[in-house]
Amino acid sequence: MESQNSNLICAICLERFRIPVTIPCGHTFCEKCITTHWDTKSKLLLERKNKEFGKLIEETQKSITDLAENISQAKVTLQQTSAWVSVKFSTLMKVLAEKQEATEVFIAQQRDAAITEAEARLAELEERSQILKESQDQIAALHNLSDTELIKESMLIEVPRFEAIPTDVTANLQDRLNCVTDVLSRVSKLVSEDLEKAVSTTVGQDKDGSPQDKRPILAVVPSPAAPCHPAGKEGLSAYRCCLTFDPRTANGHLFLSQENRRAEHLTSGPHPVPAHEARFDHTWQVLCFQGFTRGQHYWELEVSKPWAYLGVTYETIPRKEKGKRCMVGMNELSWSLQLDEHQLSAWHNGRRETLSGHSQYSRIGMLLDYEAGTLTYYGDGQTRLHAFHCAFTQELFPACWIGEGVSITLCST
């Protein structure tokens with residue numbers, strides 16, 4: 001009897017069926033109960049979907065924003081890279097044309113001088129030949145004389161002793177041109193083989209690589225190529241700028257003085273500094289206030305002893321991490337010249353290029369040409385030490401990493 005009554009009870013409201021309905025699975029409920037249940041559940045099998053749609057929309061919108069920013073950045077980067085490549089090719093062709101003209105003029109001058117001098121030697125030889133032939137004719141005429149006269153006349157004839165006249169032409173010129181021909185051979189190989197291989201490899205990768213492989217890459221070419229600006233204090237003074245250190249960025253070990261133109265790494269340990277988002281918390285580093293997005297700028301730094309990294313960086317360089325990644329030159333955002341007691345080294349993205357030559361310079365000059373994409377270093381304002389070549393895309397700030405006990409002064413003159 002109880003079993004029969006339980007069959008008349010709605011499993012939702014736990015009361016006897018009011019208007020019973022049976023759903024496809026065979027279970028029976030009150031019509032109102034099952035309708036209300038379905039409505040509530042549907043608003044919930046709907047609210048959940050709405051949230052999922054909202055999340056997908058948010059993620060999609062973020063992807064749209066990120067991709068749009070990356071497209072804009074790619075346009076700028078690739079345009080600047082293209083401009084840099086165009087400038088380099090144009091400059092190379094201009095230099096080659098100028099050097100070709102100068103060399104051809106030199107060869108023409110030397111050729112004319114050599115030919116003139118050789119023709120003078122030829123004329124002298126022809127004159128000698130004529131003299132010898134005349135002497136030979138005189139000897140032949142003596143055979144008709146009597147013995148007495150023959151002896152007398154033969155005593156008057158002497159065989160001339162001429163100095164040797166060289167018969168080679170332009171031998172010395174070839175020696176003088178050896179340095180030019182050697183350079184042309186190397187340049188020819190570089191252009192016809194190495195550049196051809198590099199371009200072919202790049203184009204091949206672009207055809208077959210994945211989309212991730214096709215992200216814009218900065219054209220970074222550390223190279224001791226010829227400077228595009230005159231060296232020496234006179235030539236560089238036209239680009240001189242005035243810089244000051246930014247105390248908001250200075251690590252607590254660094255003490256600024258002389259109206260923020262001198263930074264010293266204290267041996268007594270760090271001093272209290274206010275927290276700031278721009279400050280290098282763990283790296284002995286400081287940036288300058290001034291940043292550059294265009295033009296040519298030259299500045300000099302006086303270094304007390306060789307334990308420092310001098311360079312430039314984008315504002316987005318990491319500042320709160322521990323380790324070398326925050327150091328100028330140790331990431332993809334910055335470039336630097338390392339000074340130590342034994343050698344000079346150029347750094348970018350953690351990659352090192354050891355430089356040859358003298359390393360003990362107390363004053364380092366830096367010339368930034370933003371549009372040309374060059375950062376050139378000079379020792380004591382005269383000796384060219386190194387040049388970076390890159391398609392710059394963001395504002396650049398001068399930066400210094402300073403070793404313990406070292407001071408760096410931004411020179412005003």
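The values are calculated or read from the model by the stated rules, or taken from the named source; none is laboratory data. Quantities reported herein were computed from a predicted structural model and do not represent experimental measurements. For neighbour counting, all protein chains shown are included, and Cβ atoms are generated from backbone atoms with ideal geometry for every residue, glycine included. The accessibility values were calculated without ligands, DNA or RNA, using every heavy atom of the protein model including side chains. Shrake-Rupley method; radii C 1.70, N 1.55, O 1.52, S 1.80 Å.
Rg then Dmax, both in Å and based on the Cα atoms of segment 1-123: 45.9, 148.
Counting only Cβ charges, +1 for Lys and Arg and -1 for Asp and Glu, the dipole size of segment 83-193 around its Cα centre is about 1000 debye.
Where Rh denotes the Kirkwood radius from the mean inverse Cα pair distance, what is Rg over Rh for segment 61-201? Ratio of gyration radius to Kirkwood radius: 1.53. Each of F89, F392 has its accessible area taken with a 1.4 Å probe; listed largest first, they run F89, F392. Rolling a 1.4 Å probe over the protein heavy atoms leaves I402 with an accessible area of roughly 0 Å². Relative to the current alpha-carbon distance between A74 and S146, full extension at 0.36 nm per residue lengthens the span by 15.2 nm.
Taken along the Cα-to-beta-carbon direction at a fixed 7 Å, the label points for V191 and H37 span 8.6 nm. If I model segment 66-148 as equal point scatterers sitting on the Cα atoms and use the Debye formula, what is log10 I(q)/I(0) at q = 0.11, 0.13, 0.23 Å⁻¹? Log10 of I(q)/I(0), two decimals: -0.67, -0.75, -1.03. Remark: segment 324-413 is approximated by an ellipsoid whose semi-axes, taken from the C-alpha gyration tensor as √(5λ), come to 19, 16, 14 Å, largest first. Considering only I19, S90, A102, and ranking their Cα positions along the charge dipole of segment 1-118 that arises from unit charges at the beta-carbon of Lys, Arg, Asp and Glu, the one farthest toward the positive end is I19. What you get for the chain, charging only the Cβ of Lys and Arg (+1) and of Asp and Glu (-1), is a dipole of about 3260 debye around the Cα centre.
Neighbours of D194 by Cβ distance under 15 Å: Lys/Arg scored +1, Asp/Glu scored -1, total +2. Scanning residues 5 or more positions from L385 or on other chains, those with amide H under 5 Å from its amide H are Y377, Y378, G379, with H placed 1.01 Å from N in the peptide plane. Among H265, H342, H253, the sequence by solvent-accessible area, most first, with a 1.4 Å probe is H342, H253, H265.
Evaluated with a Cβ-only charge set (Lys, Arg +1; Asp, Glu -1), segment 225-350 carries a dipole of roughly 160 debye about its Cα centre, given to the nearest 20. Measuring between their Cα centroids, segment 96-121 and segment 260-335 lie 54 Å from each other. Restricting attention to segment 1-160, lysine pairs at least eight places apart or on different chains and with alpha-carbon atoms under 26 angstrom apart total 14.
When the Cα positions of A198, T40, T413 are compared along the charge dipole of the chain, T40 comes out farthest toward the positive end, with charges on each C-beta of Lys, Arg, Asp and Glu. Among the trypsin sites (Lys or Arg not before Pro) within segment 313-349, those in coil by DSSP and having at most 10 neighbouring Cβ atoms inside 10 Å are K322.
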